[in-house]
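Chemist: This is the structure, below, for whatever I ask next.
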Amino acid sequence: MKTFQDLQEGVYDPNILKAFFLAGGPGSGKSYVIARGAGGMGFRVVNSDEVFEKKLKDAGMSLDIRELDPEVRDTIRAKAKKVTSGRQANYIEGRLGLIIDGTGQDYDKITNQATKLKQFGYDVHMIFVNTSLDTALERNAKRPRKLPNSIVTQSWSNVQKNIGKFSQYFRRNFMVVDNNDSTEDVMTPVFKQVKSLAKRKVQNTTGLNWMAQELALKKNSGGSGVLGKGRSGGKRQTIDPERAAEIEKGGFKKFTRKTG
């Protein structure tokens, strides 16, 4: 039985209905930005690479992608994406705060996902982590999960082509982090900006309506909302198994399969 230790009551989540897309090529330092720029805020991080690395480690395999058999690599990555999609579906069901970590190579994929999240009531933002190609290649060579230089170069080029289009789509909710100089403190401004946006009241009308309906449901049903029982005397909360099964089968799972 699932508990709200992993899936908290959406309407009470401090970062409810806020989604931050993270874009930047391999070696840009996105993971560092998450850890230092938005760490400790309670956002749920959606990143299939983390699951992919764990599955490689569990199988006793090398994290150096260049050494892996392509068929084995792709099979493990597909499993990692499936696990990540399931987690994301649960988070969206509760309208929990999200950080969606990706490269940003596919503009249409990212903006389609952002548009869907808006339809679910989310305010959407993007943090674009920018580096030079030389910096990206240097960092790729130093990290455990290494990619071929050709992939790093192609990814960097594709991401750079999209920066202007992302700026137009996200507009005032778009921020660029220059992460070339490892000695420069770029994380403090990022932390302050993300914290400010996270604390801001939800702007999306659909999201505001969902919050009002959820609060009304909890009030009228003795503390129960769309996810099951709400807060009651500080007890550990659980999600009803039948509702969990619906989440697995429902539109949120289909949405994450299409956009993951």
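The values are calculated or read from the model by the stated rules, or taken from the named source; none is laboratory data. Small disclaimer: the values here were computed from a predicted structure and weren't measured. With ideal geometry, Cβ positions are generated from the backbone for all residues, glycine too; neighbour counts draw on all protein chains shown.
Chemist: Test residue 116 against the stated conditions and say whether it is in contact (Cβ under 8 Å) with a residue 40 or more places away in the chain and surrounded by fewer than 18 Cβ atoms within 10 Å (Cβ to Cβ).
Modeler: Against the criterion (in contact (Cβ under 8 Å) with a residue 40 or more places away in the chain and surrounded by fewer than 18 Cβ atoms within 10 Å (Cβ to Cβ)), residue 116 does not qualify.
Chemist: Assess whether residue 164 counts as being in contact with a Ser or Thr (Cβ under 9 Å, 6 or more places away or on another chain) and either part of a helix (DSSP H, G or I) or among the acidic types (Asp, Glu) (or both).
Modeler: For residue 164, the condition - in contact with a Ser or Thr (Cβ under 9 Å, 6 or more places away or on another chain) and either part of a helix (DSSP H, G or I) or among the acidic types (Asp, Glu) (or both) - is not met.
Chemist: Do we find a residue being part of a helix (DSSP H, G or I), closer than 30 Å to residue 135 by Cβ and either at pLDDT below 70 or among the aromatic types (Phe, Trp, Tyr) (or both) anywhere in region 190-202?
Modeler: Yes, some residue in region 190-202 is part of a helix (DSSP H, G or I), closer than 30 Å to residue 135 by Cβ and either at pLDDT below 70 or among the aromatic types (Phe, Trp, Tyr) (or both).
Chemist: Touching a Phe, Trp or Tyr at 6+ places or on another chain (Cβ under 6 Å), charged (D, E, K, R) and closer than 24 Å to residue 155 by Cα: which single residue out of 77, 73, 44, 66 fits that description?
Modeler: Only one candidate qualifies: 77.
Chemist: Further, regarding this structure: Hey, any hits in region 218-230 for a residue that's touching a helix residue (DSSP H, G or I) at 6+ places or on another chain (Cβ under 8 Å), at pLDDT below 90, in a helix (DSSP H, G or I) and not hydrophobic (A, V, I, L, M, F, W, C)?
Modeler: yes
Chemist: Please determine whether any residue of region 160-177 is out of contact with any helix residue (DSSP H, G or I) (no Cβ under 6 Å at 6 or more places or on another chain), closer than 24 Å to residue 67 by Cβ and surrounded by 15 or more Cβ atoms within 10 Å (Cβ to Cβ).
Modeler: No.
Chemist: Within region 20-33, does at least one residue satisfy the condition of being at pLDDT 80 or above and farther than 25 Å from residue 137 by Cα?
Modeler: Checked region 20-33: at least one residue is at pLDDT 80 or above and farther than 25 Å from residue 137 by Cα.
Chemist: Let me ask another. Show the residue pairs meeting these rules: Cβ distance below 9 Å; 6+ apart or different chains; first residue within region 89-103 and more than 16 Å from residue 204 (Cβ to Cβ); second residue buried (at least 23 other Cβ atoms within 10 Å of the Cβ) and of a type in the set (Ser, Thr, Tyr).
Modeler: So the pair list comes out as 89/256; 103/28.
Chemist: If a residue has to be in contact (Cβ under 8 Å) with a residue 60 or more places away in the chain and either surrounded by fewer than 19 Cβ atoms within 10 Å (Cβ to Cβ) or touching a His at 6+ places or on another chain (Cβ under 8 Å) (or both) to count, how many in region 44-88 make the cut?
Modeler: Final tally of qualifying residues: 8.
Chemist: Just give me the residues in region 124-151 being buried (at least 21 other Cβ atoms within 10 Å of the Cβ) and not in a loop (DSSP other than H, G, I, E, B), in sequence order.
Modeler: 124, 125, 126, 127, 128, 129, 136, 140 - these are the residues of region 124-151 that are buried (at least 21 other Cβ atoms within 10 Å of the Cβ) and not in a loop (DSSP other than H, G, I, E, B).
Chemist: While we're on this one: Take the conditions surrounded by fewer than 21 Cβ atoms within 10 Å (Cβ to Cβ), small (Gly, Ala, Ser) and under 20 Å from residue 30 (Cα atoms) and apply them to residue 104. Does it pass?
Modeler: No: the conditions fail for residue 104.
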